[in-house]
Amino acid sequence: MAKIISVINNKGGTGKTTTVLNLGAALQRRRKKVLLIDLDSQGNLTSSFDIDAPKVSIGEVLVEGGSIQDSIQKVGKLSLIPSRSDLLDFETRLANEPGREFMLREALEPLTSSFDYILVDCPPSLGILSINSLVAADEYIVPMQAENFAFIGLDRILQVTDKVRKRMNNRLTLAGILFVKLNPRTKFCQAVVKSIADDVRVGKKMFDTYIRQDIALMESAAFHKTVFDYASKSHGSEDYAHLAKEILKANGQEA
Ligand SMILES: Nc1ncnc2c1ncn2[C@@H]1O[C@H](COP(=O)(O)OP(=O)(O)OP(=O)(O)O)[C@@H](O)[C@H]1O
Ligand SMILES: [Mg+2]
């Protein structure tokens, strides 16, 4: 059974897409079968690969009952459900759909025996698409930067995930807060990390791994590559490999 992980933060530019891409690649390198889902109409995850438009879009799957099998594309050893620009229209149409929060969960059911990990890249909002990812997920990861207003955003995410857990998906758990673009030597970063670690609602669910600031992470996506294919010895490669190891260990799959 696949473990479904939603990568979510309503703030923009916090490393969601970078995390889905490179954590997915790192898990695949550890011989896991990985499916990535681009649930953001910006399509940044999709643009990280050099692919043609899919036969069936994720919007068609969610709203019109299109075949999810036909929306999957093979990209190297990874599988991807890309986003298409029409996702924005489908998001509006989803608002009128009975059971609209459950559409992704329902769509993913036939796939859960084919993959070990399904990683969902959310848009920078807590709208209906992000809620769908939380209803479908076993766990969620919140990537965030160590900055002044990190707290405020986290409040909002924890409120929403609490409601989803109570009302629609009681197995949903926080896999962890993931600090990204971190410069661990600065006192300010250290202080923000400590204050989040001490937050009782986070309950120590913070990854030991943090992702350092690394230009290779930015460049690799622009060259349609994972950081492992682009710069195998970079900090980005090292950190995402470490994160995959931590996640596998938490799932009892590897020491
Ligand atoms: N550790 C890092 N070091 C340096 N740059 C990074 C790092 N992680 C991400 N970036 C860069 O920061 C920018 C934002 O990252 P990313 O697109 O992953 O965020 P996002 O949360 O998916 O954004 P959005 O909310 O717009 O979907 C990108 O240009 C990405 O290449
Ligand atoms: Mg993104």
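A single entry from Ile215, Ile211, Ile177 fulfils the requirement of being within 16 Å of ligand 2 (Cβ to nearest atom) and under 21 Å from the mean Cα position of the chain (by Cα): Ile211. Selection over the range 234-255 of residues that are open to solvent by 10 Å² or more (accessible area, probe 1.4 Å) and within 16 Å of ligand 2 (Cβ to nearest atom) gives a count of 0.
So, Ser71, is that one of a type in the set (Gly, Ala, Ser), farther than 26 Å from Ser232 by Cβ and in contact (Cβ under 8 Å) with a residue 12 or more places away in the chain or not? Please lay out each step first, then the result.
Values: of a type in the set (Gly, Ala, Ser): yes; farther than 26 Å from Ser232 by Cβ: yes; in contact (Cβ under 8 Å) with a residue 12 or more places away in the chain: yes.
When the stated conditions are applied, Ser71 passes them.
Please list, ordered by first then second residue, the pairs with beta carbon atoms under 8 Å, 6 or more apart or interchain, first in the range 201-216 and farther than 9 Å from His235 by Cα, second assigned to a loop (DSSP other than H, G, I, E, B). Matching pairs, first to second residue: Tyr210/Val180; Tyr210/Pro184. Of all residues in the range 25-49, those satisfying the criterion of being of a type outside the set (Val, Ile, Thr) and within 13 Å of Ile81 (Cα to Cα) are Leu35, Leu36, Asp38, Leu39, Asp40, Ser41, Gly43, Asn44, Leu45, Ser47, Ser48, Phe49. Scanning the range 153-181 for residues that are of a type outside the set (Val, Ile, Thr), out of contact with any strand residue (DSSP E or B) (no Cβ under 9 Å at 6 or more places or on another chain) and in a helix (DSSP H, G or I) gives Asp155, Arg156, Gln159, Asp162, Lys163, Lys166, Arg167.
Summed over the range 9-52, the residues that are farther than 22 Å from Ile177 by Cα, within 13 Å of ligand 2 (Cβ to nearest atom) and in contact (Cβ under 8 Å) with a residue 60 or more places away in the chain give a count of 4. Using the structure shown, decide if Ala53 is within 27 Å of Thr209 (Cβ to Cβ) and at pLDDT below 95. Against the criterion (within 27 Å of Thr209 (Cβ to Cβ) and at pLDDT below 95), Ala53 does not qualify. Take the conditions open to solvent by 30 Å² or more (accessible area, probe 1.4 Å) and within 16 Å of ligand 1 (Cβ to nearest atom) and apply them to Glu91. Does it pass? Here the answer is yes, as Glu91 does meet what is asked.
Checking the condition surrounded by 14 or more Cβ atoms within 10 Å (Cβ to Cβ) and more than 12 Å from ligand 1 (Cβ to nearest atom), which residue from Phe179, Phe115 passes?
Working: Phe179 fails: more than 12 Å from ligand 1 (Cβ to nearest atom).
Just a single option satisfies the conditions, and that option is Phe115.
The values are calculated or read from the model by the stated rules, or taken from the named source; none is laboratory data. Because the structure is predicted, anything quoted here is derived from the model rather than measured. Glycine gets a Cβ as well: all are built from the backbone with ideal geometry, and neighbour counts include every protein chain shown. All accessible areas refer to the heavy atoms of the entire protein, side chains included, with ligands and DNA or RNA removed. Shrake-Rupley method; radii C 1.70, N 1.55, O 1.52, S 1.80 Å.
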